């Protein structure tokens, strides 16, 4: 990643744009913005502080406004919407696809929603209401009800004539769906087959009915996994009765995968994904201080453990010098195990059936790493403090803490998952609390027992 | 993520499969494996310990062998390949697409590569050699040279007849590329247009020449960003002279995005992405101990700082009890800033043009959070140790360490990026080293100056 072969486009544009904005020449900025895709404009807006962001937003082609709103985070979106009057907003969003509109609708002022609904025809209004009736992060909310269906008892030629009459197809249409009279999904026909087969070929012969479909209640995560496992470009969404409700396309799936990865990275640090680079101070403080407070509790717990051994530390100050090493390295080892487990759980590779084997494997790795790192630290401690008993104590404490790390790293994510807490979010705090406490306790406890006698 | 609406398919399959394996009934296992897509089989194999993995691998339909090899991590791949004899391997890989074959080729024994190359026709052999001539993680290595091209001076009808003669199209063909006599890319025509426009329409009129193409030297990361910004299903790859070399499809892009996210999560914990759940103990130890060693160095540095204040701690043991709090919370605050910066850098949103604004913003957030958390900790310390000077010292130390955290969190990733080190990998160690050292130094230093007088 570090050595991208060509310079980064966004970063380069950002610099050019920033220079142009600083010099006050808006003409070049406007021209530049007009060459960008809506997602790129969104990315650019997110990288600008509030003042410049609003200047650039004013220069975006009104035709792109709706698509840009779809492509920015919640917080930036709010600031952009606050800057538009209702008429502009209605114009911006009324031509969006149903799935995009459903994604936006909660951030729009009520007056604008009413206006947009009134401007829609009845069919689209019903479709929007249907999509909005499904919970967020399910297939129902991601699908676009605009699908092209054909009947099985016809030929390639007839379908091609039907398509020419129909005109433009929904974006990313790579299959036509074959349905029966009750709109139940019978299979699908690839666009590729329509252009490579003889006009007289019966559609019946081209139907692929082996492919899985997506259930309307499937989670977004499950949808994403199915797309990447099966290399789909689009897939049909059906209900319990196998009735075709809509389709999901790969561009939305890419957004899901990116958002999941971001969510995981940010929430592991106690941030929510809507905090952007230029969030107002007040919001940034509020967003982060809760997480710091949680970590503070575990830090006090560890301090409390140390407090139990004040008398020991008073006599052997070297313990205070070395104890953060035992706790810290144990934490690193635990995070390694945790990270592997979180990935395994996310991929569905870890379950009750192999947890014991994993625990046994990690216990052995921990024992070996504990002995290796423990010996090294013991040796340095010996050279530093010339006390071989102290050396032995820190060696033993490290081996114990590596084993606690393995135990916590394997078991806690499984436990959190069972408690329906995302182990990617809460895992690190919990396992490092364990290794902090076990680290201080084993080191200071052993020292008290052995060295003070 | 925690409350997926439907039970997880892979986890369920894994349990069923595991039960069937344990009972020794291989028939149901075989039937189950045959219903899975190659990527799903790969995922399943990765979740099994070595012995069971080999049993299941023996049950996979030989036709799927090649695709499964493409879809597993390097380490599992090696173990699967080691289990096959050369003939099986040749049969498994010879029908793969050029891009998949290029991805596998380095893991194959030389004898097998020779055999596969001999079995290929000259055109495909040259294509494979061309793809392999580009560096890993560039567009050239990801592309598939098998593209369908048409000329501009023809009609929809003629193209359709040409396609019917040609037969099956490469997977995920959503566009045909229009080239001139020197095979330079002039634009592309959507398959959708071919099926919706009248047969007599000139191709000339359907050409879209506004779309970006991908340069053969573009980084995989840049390719992935272009796909998600532009909602592409496939995109043409050209060289400096705009000659069409191949195409990249969205299924490979999804793999890139997933791999990047995984790489980031794993490498932040000092793991490489090829370590799988059931890596041999020796490999797991070797892979992790280096990272632990690096962290050990920073832990010793912090211990060294504490060591400078042994005399102070001897007199005021409460300092030893409280000092991990100052260092720890500072580390949490720094990781928050770092995580936002790493995301911003990855999206190209952070550069020299806005670094100063960001630093200023983060400094203010740090000051407020430092005062909030510092007051809380100061209060608890007062209740605990009944010493208001100690209370004041820990308050001040926390404010100082929060500011160091902001400084390190903003500047270090920028510095690492300039040094061409991935901030997502090295960032956490470096910033927490700073906050550990600054935490201990400010707290113990202030205590020495103020409390010992």
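Every number here is computed from the coordinates shown, using simple stated rules; none is lab data. This is a predicted model, so every value here is computed, not measured. Here the Cβ positions follow ideal geometry from the backbone for every residue, glycine too, while neighbour counts run over all protein chains shown.
Ignore the peptide's own chain and count Cβ atoms of other chains within 10 Å of each Cβ in A:55-68; give me the average, rounded.
On the way: counts 0, 0, 0, 0, 0, 0, 0, 0, 0, 0, 0, 0, 1, 0.
Mean number of neighbouring Cβ atoms from other chains: 0.
If R0 is 25 Å, what FRET efficiency do you get for residue B:35 and residue A:242 from their C-beta distance, rounded to 0.05? Don't jump to the answer; show the numbers that get you there.
Working: r = 18 Å, r/R0 = 0.74.
E between residue B:35 and residue A:242, to the nearest 0.05, is 0.85.
May I have the convex hull volume per residue, in Å³, for the Cα set of the stretch B:281-451? Before the final figure, lay out each step's value.
Values: hull volume 22.5 nm³, N = 171.
Enclosed volume per residue, from the Cα hull, is 132 Å³.
Can you list the copy-to-copy distances for residue A:171, using a point 7 angstrom from Cα toward Cβ, in nanometres, shortest first?
2.4
Determine the percent antiparallel among the DSSP beta bridges restricted to the stretch B:149-267, to the nearest 5. Don't skip to the end; give the middle numbers.
Details: 13 of 17 bridges.
Rounded to the nearest five, the antiparallel share is 75 percent.
Please give the Cα centre distance for the stretch A:365-430 versus the stretch A:150-178, rounded to the nearest Å.
62 Å
Mind listing the label-point distances from residue A:23 to the same position on all other copies, shortest first, one decimal in nm, points 7 Å along Cα→Cβ?
Distances to the matching label points in the other copies: 7.6 nm.
Mind pulling the per residue volume of the convex hull built on the Cα atoms of chain B? Å³ is fine.
Numbers: hull volume 99.1 nm³, N = 453.
Roughly 219 Å³ of hull volume per residue.
Can you say what percent of the DSSP beta bridges in chain A, counting only those with both residues inside, are antiparallel? Round to 5. Don't skip to the end; give the middle numbers.
Working: 15 of 19 bridges.
Expressed as a percentage, antiparallel bridges in chain A total about 80.
Using the beta-carbon distance between residue B:26 and residue A:126 and R0 = 60 Å, what value does 1/(1 + (r/R0)^6) give for FRET efficiency, to the nearest 0.05? Don't jump to the answer; show the numbers that get you there.
Numbers: r = 51 Å, r/R0 = 0.85.
Step by step, r from the Cβ atoms, then E = 0.70.
Relative to the longest principal axis of the C-alpha atoms of chain A, give the angle of the C-alpha long axis of helix A:388-418, reported between 0 and 90° and rounded to the nearest 10°.
On a 0 to 90 degree scale, this one is about 30.
For the stretch B:149-267, just list the percent of Cα-Cα distances falling in each 5 Å bin from zero outward, please.
All Cα pairs considered, the percentages come to 2, 11, 20, 20, 19, 12, 8, 4, 2, 1, 0, 0.
Using 17 Å as the cut-off for backbone N distance, which residues of the stretch B:13-32 belong to the label zone defined by a point 7 Å from the Cα of residue B:61 along Cα→Cβ?
In the stretch B:13-32, the label zone of residue B:61 (backbone N under 17 Å from the point 7 Å along Cα→Cβ) covers B:27-32.
So what does the Cα-only Debye profile of the stretch B:56-101 read at q = 0.30 Å⁻¹, as log10 I(q)/I(0), no solvent term?
Ignoring solvent entirely, the Cα scatterers give -1.35.
Whole-Å semi-axes of the protein assembly as shown's equivalent ellipsoid, largest first, each the root of 5 times a Cα gyration tensor eigenvalue? Please list the in-between numbers first.
Working: eigenvalues 551, 229, 124 Å².
Over the Cα atoms of the protein assembly as shown, the semi-axes work out to 52, 34, 25 Å.
Considering only DSSP beta bridges whose two residues both sit in the protein assembly as shown, what percent are antiparallel, to the nearest 5?
On the way: 30 of 38 bridges.
Given both bridge residues lie in the protein assembly as shown, the antiparallel proportion sits at roughly 80 percent.
May I ask for the angle, rounded to the nearest 10°, between helix B:352-385 and the longest principal axis of chain B, with both axes built from Cα atoms and the value confined to 0 to 90°?
For helix B:352-385, the angle is close to 40 degrees.
As I understand it, the value is the acute angle between the Cα axis of helix A:122-132 and the longest principal axis of the Cα atoms of chain A; what does it come to in degrees, rounded to 10?
Rounded to the nearest ten degrees, it is 10.
For labels at residue B:136 and residue A:118 in the simple 7 Å Cα→Cβ model, what's the distance in nm?
Placing both labels 7 Å beyond Cα along the Cβ direction yields 6.1 nm.
Where the label is 7 Å out from Cα toward Cβ, how close does residue A:205 come to the same position in every other copy, in nm, shortest first?
3.2
Suppose a student asked you for the relative contact order of chain A, using Cα pairs under 8 Å spaced at least 6 residues apart; what percent would you report?
Values: 549 pairs, mean separation 52.3, N = 453.
With pairs under 8 Å counted, the relative contact order is 12 percent.
Taking 35 Å as R0, compute the FRET efficiency from the Cβ-Cβ separation of residue B:311 and residue B:379 and round it to 0.05. Mind showing how you got there, number by number?
Details: r = 28 Å, r/R0 = 0.80.
Efficiency, from the Cβ-Cβ distance: 0.80.
Given N residues in the stretch B:338-414, what is its alpha carbon radius of gyration divided by 2.2 N^0.38 Å? It would help to have the intermediate numbers written out before the result.
On the way: Rg = 15.7 Å, N = 77, 2.2 N^0.38 = 11.5 Å.
For the stretch B:338-414, the normalised Cα radius of gyration comes out at 1.37.
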